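Report on one structure; see the data block that follows.
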Amino acid sequence: KTIDDLGDLRGKRVLVRSDFNVPLDGTTITDDGRIRAALPTLKKLTDAGAKVIVTAHLGRPKGEPDAKYSLAPVAARLGELLGVPVHLAQDVVGDSARETVAALGEGEVALLENIRFDARETSKDDAERQSLAHDLAQLADVFVSDGFGVVHRKQASVYDVAQVLPAAVGELVLKEVDSLRKATEDPARPYAVVLGGSKVSDKLGVIANLLTKADRLLIGGGMVFTFLAAKGYGVGKSLLEEDQIDTVKGYLADAEKNGVEIVLPTDIVVADAFAADSPHEVVAADAIPADKIGLDIGPESAQLFASKIVDAKTVVWNGPAGVFEFEAFSGGTRAVAQALVDATANGAFTIVGGGDSAAAVRILGFDEAGFSHISTGGGASLEFLEGKDLPGISVLEG
Ligand code: 3PG
C-alpha cells in the first residue's frame, strides 16, 4: 500500500516514522540529508490536508529522556525546510504528545520527542514493544513507514505499529527499495561494488553475498588493511582486525573460485598519526612502514579504482576510501565519488549507500544529481545488500 491507497487524508491524523538520526555537533546538524530526504512524503501529506505526526529517533539514548538526544534541532531544521512550523512535543506518547496532536490543524506537522526516550521502543520483549505501538496508535488514524534508515530494526515505531494501524509505505522507502532492488536483483553488468569504512567485521555478510553477485569488488577504507594483512603484507599502525584475517583469506579464495575480481589498492597514503595535520607520504601497499598509519588509498590506487568504476554498468558504493574528513586523506574518497559521477554520465546505475559515504559526497561538494541514488540507509542499506529480511519492509508486505 502506498500513501495514495490510504484514501482522502484531509483532517486525518497520519503517523509517519522517519529516520532523522542526523550527525550533530552539539546542537548543530552537520548533514541534513536525512531530513531533506523525508520531505516528499511530508509535503505530500500536508498538501493533502493531513494532520502529520512524525516519530523518529536520534542516537542511542538509554530508554529515558536525555536532553543531549532531543529532537529540538531536527524540529527547527524540518520547519525551515518545510516552510511551516513544526510543533515539537516534549515527550513521546505522554500528555505533551496528546496535547500537541490535539492542537494540530489540517496540513500542520508535529514531531514527537525522541522515540528512544521510551525503553519499550527497542525492547526485545514483543509485549513491551506492542504496548508502545498501541500508545502511538492512539495518537493517529493511519501509519506511513518512511524511515528507510531504520527498517532493519524490529522496533515498536517501525515494526509493531504497522500491525496496529492501517499502514502504507512512504515515498522515501519506495524510492530506496526500488533503487536497491534494481542494483541487487538483476544488475546490468559489469557490476562493481566499492566497499570502505573502518571495519571488515561490519561488512562480513555483505562481502560473502557480493562474492556470489558482483563482478568486481573494490576494497578501500580502514578495512583494507585486514585484506593487505591477509595477503601477508605488514600494515604498520593501521587499523587491523586480526581476528578477521582468516575470514578475509577465505574471501580471497572464494573470489578466485567465483571469478570475482577483488581490487585492492597498490599504494597507500600513510601518516605519523591520526590527525588532519600529520606529516604524510605515499608508499607501496606492500611496504607500509612499521611506525606509520594508513589513512587513505594512494593516487595510483585512486586511478585504478576509477578505471574499474567508470566502465561498469551498475555501481554500489558503501564506505569512504579514506579519512575524507581530513583534507590530506580525502583524495581516495574524492576519486571514487568522481568515478561514480562519470559512470552515471556513461549510463551506469550508481548508488551511494551508507551514512558515511552519503555524507562524504555532500561534504566534498559533489552534486547529488551526479548519482542515480543516494541512500539514506547505513545498516539498512548494508542489510539490503546482504539479502537479509528487513522487518520494517516485510511487515508492510503483509
Ligand atoms: C542509522 O543511523 O543507521 C539508523 O538511524 C539506525 O540507527 P541505529 O543503528 O542506532 O539503530
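Nothing in this text is a laboratory measurement; each read-out follows from the coordinates by a stated rule. Every value quoted in this text rests on a predicted model; they were computed, and no experiment measured them. Cβ coordinates were reconstructed from backbone atoms using ideal geometry, including for glycine residues, and neighbour counts include every protein chain displayed.
Counting only helical runs of four or more DSSP H residues, what would the 222 nm mean residue ellipticity of the chain come to if each run contributes -39,500 (n - 2.57) and the total is spread over all its residues? Can you show the working numbers first?
Values: 14 runs with 140 residues, N = 398.
Only helices count here, giving -10500 deg cm²/dmol.
Rounded to the nearest 20 debye, what is the charge dipole size of the chain about its Cα centre when +1 sits on each Lys and Arg Cβ and -1 on each Asp and Glu Cβ?
Numbers: 39 positive and 59 negative charges, 112 e Å.
Dipole size: approximately 540 debye.
Semi-axes, largest first, in whole Å: what does sqrt of 5 times each Cα gyration tensor eigenvalue give for the range 331-398?
Numbers: eigenvalues 136, 34, 19 Å².
One finds semi-axes of 26, 13, 10 Å for the range 331-398.
How many angstrom lie between the Cα centre of the range 348-377 and the Cα centre of the range 167-184?
16 Å
State whether the range 51-91 is rounded, prolate or oblate according to the following rule on the C-alpha gyration tensor (a ≥ b ≥ c being the square roots of its eigenvalues): a/c under 1.5 gives rounded; otherwise a/b larger than b/c gives prolate, and the remaining case gives oblate. Walk me through the intermediate numbers first.
Working: a/c = 2.50, a/b = 1.93, b/c = 1.29.
In terms of gyration-tensor shape, prolate.
For the chain, find the longest principal axis of its Cα atoms and tell me its angle to the long axis of helix 126-138, 0 to 90°, nearest 10.
50 degrees
Which angle from 0 to 90°, rounded to the nearest 10, does the C-alpha axis of helix 72-82 make with the longest principal axis of the chain?
80 degrees
Going by a ≥ b ≥ c, the root eigenvalues of the Cα gyration tensor, does the range 242-389 fall in the rounded group (a/c under 1.5), the prolate group (a/b larger than b/c) or the oblate group?
Values: a/c = 1.57, a/b = 1.18, b/c = 1.32.
Oblate, because a/c is 1.5 or more while a/b does not exceed b/c.
Which shape class, rounded, prolate or oblate, goes with the range 130-262 when its Cα gyration tensor gives a ≥ b ≥ c as root eigenvalues, a/c under 1.5 marks rounded, and past that a/b bigger than b/c marks prolate?
Working: a/c = 3.55, a/b = 2.06, b/c = 1.72.
It comes out prolate by the Cα gyration axes.
Starting from one equal scatterer on each C-alpha and no solvent at all, send me the Debye-based log10 I(q)/I(0) for the range 234-293 at q = 0.14, 0.25, 0.28 Å⁻¹, two decimals.
-0.51, -1.03, -1.12
Pairs on different chains or at least eight residues apart, Cα atoms closer than 20 Å: how many lysine pairs in the range 1-105 fit?
Values: K1/K12; K1/K43; K1/K44; K1/K51; K12/K43; K12/K44; K12/K51; K43/K51.
So the count of such lysine pairs works out to 8.
Using Cα atoms only, what is the angle between the long axis of helix 331-345 and the major principal axis of the chain, expressed in degrees (0 to 90) to the nearest 10?
Compared with the principal axis, the helix lies near 70 degrees.
Can you tell which of N258, N114, N21 shows the greatest fluctuation in a Gaussian network model of the chain with Cα springs below 10 Å?
Maximum among the listed residues: N258.
Which loop trypsin sites (Lys or Arg not before Pro) in the range 19-105, with loop taken from DSSP, have no more than 12 other Cβ atoms within 10 angstrom of their Cβ?
Counting only loop positions with at most 12 other Cβ atoms within 10 Å, the trypsin sites (Lys or Arg not before Pro) in the range 19-105 are K62.
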